[in-house]
Amino acid sequence: METDDWPRTLAREFAPYEESIAEETVRLYAKGGRSRRSLLRGTGESTGGFDGSAFSGDLVGVLQTLDACGQAVLGVLGHPALSGASTAAIALAAWIDLRCSKRDRGRNDRPDDSGSAADLPPELLREVDLLLQRMIDLLADLRGDRDEARNVSCRLVRLLVENARSGADFVRGLNPSRRGRSRGRRGPLSRWFRRGRTPPRGGSAGEETGR
């Protein structure tokens, strides 16, 4: 069963001490503008970047990484091989575990495509590998620890793959410029806002980085 409570799920996995404020953190981030900047240290436009000192909490760093990699994440989660195929998701999750159990071998090394992922489309594996590399690079810049960045990235991508549909809705909801692409479906964000909260107003495509 897919998770539909991404704020608490992400907090439990990556920032358990932030679980009690996870839903509010996601709500503020998804609104963009001043609300999003309120989660970042400082008040200037530069706080929206990966400068190693911008984030007020680990959950915000995970959200910004998901947002920065949003199109790549949606490309993976929307791949036809994962459409309603739990066996494919299981196989891909196992491949991610194998990929991430090895030391960081650099961009020119290719992961092992054998085993449980042998029947998965090669282009899907390449997309996942590129996504992992980008997430690792972003989080390594943020946290200054590449091993930790790899660990978080691998667990995050695995969690998304295991919850592909709700994960895609969540990533769309994080950024105003992507919300119109959900084809009218009410994803997790809209359900949270129906709990007596005011939904965020859609922004322009220029809000891609939350600035």
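Pairing residues of the stretch 115-132 that are of a type in the set (Gly, Ala, Ser) with residues that are modelled with pLDDT under 95 and part of a helix (DSSP H, G or I), at Cβ distances under 6 Å and at least 6 apart in sequence or on separate chains, gives SER116/ALA91; SER116/ALA94; ALA117/ALA91; ALA117/TRP95. Screening ARG134, ARG172, ARG211, ARG179 for residues that are part of a helix (DSSP H, G or I), in contact with a helix residue (DSSP H, G or I) (Cβ under 7 Å, 6 or more places away or on another chain) and modelled with pLDDT under 85 leaves exactly one candidate, ARG179. Does the stretch 49-58 contain any residue that is more than 18 Å from CYS154 (Cβ to Cβ), modelled with pLDDT of 90 or more, surrounded by 14 or more Cβ atoms within 10 Å (Cβ to Cβ) and hydrophobic (A, V, I, L, M, F, W, C)? Within the stretch 49-58 (the criterion being more than 18 Å from CYS154 (Cβ to Cβ), modelled with pLDDT of 90 or more, surrounded by 14 or more Cβ atoms within 10 Å (Cβ to Cβ) and hydrophobic (A, V, I, L, M, F, W, C)), the answer is no, since none of the residues qualifies.
The values are calculated or read from the model by the stated rules, or taken from the named source; none is laboratory data. Quick caveat, the model's predicted, so the values are computed rather than measured. Every residue, glycine among them, receives a Cβ derived from its backbone with ideal geometry; neighbour counts consider all protein chains shown.
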